[in-house]
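Have a look at the structure below, then the notes.
The values are calculated or read from the model by the stated rules, or taken from the named source; none is laboratory data. Not measured: the values here are computed from a predicted model. Positions of Cβ are backbone-derived with ideal geometry, glycine not excepted, and every protein chain shown enters the neighbour counts.
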Amino acid sequence: TFDDEDDELSQLKESKRAVNSLRDIVDDDDDDLERVSWSGEPVGSISWSIKETASSSASSLEGRDSSLQKGSSSYTGFPKQASSYSLSSLFKGEFCLSLPALSDTGVKNYAPELRRPKAEYKDYSSDWSPKDTVRRMQRGKVCSLERFRSLQDKLVLLDEAVAGHDGNIITAVLIFLKRTLRKEILFRELEVRQVALCHLIHFLKETGEQKLLLDLLRFLDRTEEVALYCVKSSEDTSHIQDHYTLLERQIIIEANDRHLETAGQSEIFRKYPRKASILNMPLVTTLFYSCFYHYTEAELSALQIPDKQYVLTALAARAKLRAWNDVDALFTTKNWLGYTKKKAPIGFHRVVEILQRNNAPVQVLQEYVRLVEDVETRLNLATKYKCHDVVIDTYRDLKDRIQLAAYRCKVERGSAEEEKIDSILNNTVRNTVYLLETFIRDRHALGVQ
């Protein structure tokens, strides 16, 4: 009944008055006395803390139940709980609520409203100045830039971001300005702010916003950059088309070669099995593959590649197969009169190096060493790769008997090279004697002593 409620409330008030009167008696500064709870456990121990929390939670719930019952016209009975206030908790004024002990309904009806500290609410305030906003962004705080509505506030915000020397913040502010300002106004203001302008140009290039970037460059009267960017864009488009064409050719080649390899109908696939699929390979790899397996077929015509790269790749592929006739045909050209000569767009010194890496025989190497135009380079290559005939013929053409005699010591005794050197040296002596005799005879005929 309501009378019982009033009696219980009056008893609680009397208990509080008794406690308040005891506060004047207790000396908190007396360290010699050990304070204990009503249960006899020392105040501050772990078991005491657990019991204090549970008793405070029950007491808080009972007090809230009483207040709800008095303010309600319809009375609903709740099971009463014994008062569990402890002397120490009343001294300290600690009334803790243990939320996990409550059901969901109890939390909704009886738990006090949990609020963040006011300092945390301040983080989401919209009253920050541009300088404070930039500082908060540097600390990683969440900031809304929408409150900066006027052009002056936005420009001050941009200037503060630039003064902070943080590229990420400058870019974030520029994105906000790009979204909220007309491009004519944005371009005009950025023209006098070179740091922010450079950041915006870089951002537009990275994000691929070509139209806005070209408008900005035209506004700044940077005609050369506009032209270069247009060329680069067209080159990118052409590169994509070339890659698409290459992939188409690879799909056709892969399907045919897989069939031939599986059926065992091609000798080259039996002798040199494929190590990997050609799909998604680079252009140079595809060219080498085609020169290796399909040199005489039409697959090569579809590959767009510079002459030097083609010669290098085709030479490596055919030399690996030791197809020396194909190598010879690769450098043989015919003029309009029908005469043939050898020509290498990569230089014959590189041809010699590639042939030697593929273990070309000396006879093949000598043929291309002779075609090296620079005499010193020719002699170095011929000496390095032991092309003796080239060295001997070069010294003979230079009429260098000393070097020829010195090189005679480097060849095998009794070899054809030694005999060739001796023949050249003997012929040189005979020619010298003949020329000297002719010179003396002519002088006597003229009556000259």
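Could you tell me whether Leu398 is under 30 Å from Lys308 (Cα atoms) and not hydroxyl-bearing (Ser, Thr, Tyr)?
Values: under 30 Å from Lys308 (Cα atoms): no; not hydroxyl-bearing (Ser, Thr, Tyr): yes.
Judged against the criteria, Leu398 is not a match.
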Task: Test: residue in the range 162-169 that is without any contact (Cβ under 8 Å) to a residue 24 or more places away in the chain, on the phi > 0 side of the Ramachandran plot and in the same structural domain as Leu145 (by TED's automatic domain parsing) - done: yes
Open item on the list: Among the residues of the range 268-278, are any surrounded by fewer than 11 Cβ atoms within 10 Å (Cβ to Cβ), hydrophobic (A, V, I, L, M, F, W, C) and modelled with pLDDT under 85?
Closed with: no
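Every residue, every condition in (1) surrounded by 15 or more Cβ atoms within 10 Å (Cβ to Cβ); (2) at pLDDT 90 or above; (3) of a type in the set (A, V, I, L, M), yes or no:
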| residue | (1), (2), (3) |
| --- | --- |
| Thr133 | yes, yes, no |
| Cys143 | yes, no, no |
| Phe148 | yes, yes, no |
| Gln152 | no, yes, no |
| Leu157 | yes, yes, yes |
| Ala161 | yes, yes, yes |
| Asn168 | no, yes, no |
| Thr171 | yes, yes, no |
| Ile175 | no, yes, yes |
Task: Test for His199: is it modelled with pLDDT of 90 or more and outside any helix (DSSP H, G or I) - done: no
TODO: List the number of the failed condition for Val364; all other conditions in (1) in contact (Cβ under 8 Å) with a residue 24 or more places away in the chain; (2) surrounded by fewer than 15 Cβ atoms within 10 Å (Cβ to Cβ); (3) farther than 30 Å from Ala255 by Cβ; (4) not basic (Lys, Arg) hold.
DONE: (2)
- [ ] Please find, within the range 316-345, the residue that is surrounded by the most Cβ atoms within 10 Å (Cβ to Cβ) out of those that are of a type in the set (Lys, Arg) and farther than 29 Å from Lys271 by Cβ.
- [x] Lys342
- [ ] Exactly one condition in (1) assigned by TED's automatic domain parsing to the domain that holds Cys143; (2) within 30 Å of Ala317 (Cα to Cα); (3) among the hydrophobic types (A, V, I, L, M, F, W, C) is not met by Leu204; state its number.
- [x] (2)
TODO: Considering every residue within the range 346-355, establish whether at least one is over 40 Å from the mean Cα position of the chain (by Cα), buried (at least 18 other Cβ atoms within 10 Å of the Cβ), in a helix (DSSP H, G or I) and not hydrophobic (A, V, I, L, M, F, W, C).
DONE: no
